[in-house]
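**Student:** Below you'll find the structure I mean.
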Amino acid sequence: MVMQFPPSGAQRSPVTVAFDRKELAVILAIYGRMVAAGEWRDYGISHLSDVAIFSIFRRSAEHPIYRVEKRPKLARAQGQYSVIGMDGRILKRGQELKTVLRVLERKLIRAVP
């Protein structure tokens, strides 16, 4: 049996981190509720080599007010999901996406006069 390995100088195809269908469904469910409430208006998705980012905007032409990030390398340590505010502070971090996104649902609950 002969095993062949790629040449030592060969380039590997870059692997990107992405949200799967179930993760996007969870994120878009809360996004849809916030759009219906008039809080959010636009989003953007970035898939990079070490992180997938779902950016949430109040208006299209400004900086994101929240970022939902997936970093698989942090899965065992701090949790692969995090919600980051406009100022760069980590609002919530954890292993389960639904529990991390609860910090955004609190913004939807308001006192009714």
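The values are calculated or read from the model by the stated rules, or taken from the named source; none is laboratory data. These numbers come from a predicted model, not from an experiment. Ideal geometry is used to build each Cβ from the backbone, glycine not excepted, and the neighbour counts take in all protein chains shown.
**Student:** Looking for something in contact with a His (Cβ under 9 Å, 6 or more places away or on another chain), of a type outside the set (Gly, Ala, Ser), at pLDDT below 90 and surrounded by fewer than 14 Cβ atoms within 10 Å (Cβ to Cβ) - is there at least one such residue anywhere in segment 15-35?
**Tutor:** Yes: one or more hits.
**Student:** Out of (1) in contact with a helix residue (DSSP H, G or I) (Cβ under 9 Å, 6 or more places away or on another chain); (2) without any contact (Cβ under 8 Å) to a residue 24 or more places away in the chain, what's the single condition that is false for Lys73?
**Tutor:** Among (1) in contact with a helix residue (DSSP H, G or I) (Cβ under 9 Å, 6 or more places away or on another chain); (2) without any contact (Cβ under 8 Å) to a residue 24 or more places away in the chain, Lys73 violates only (1).
**Student:** Quick one: would you say Leu97 is at pLDDT below 90 and under 19 Å from Ala25 (Cβ atoms)?
**Tutor:** no
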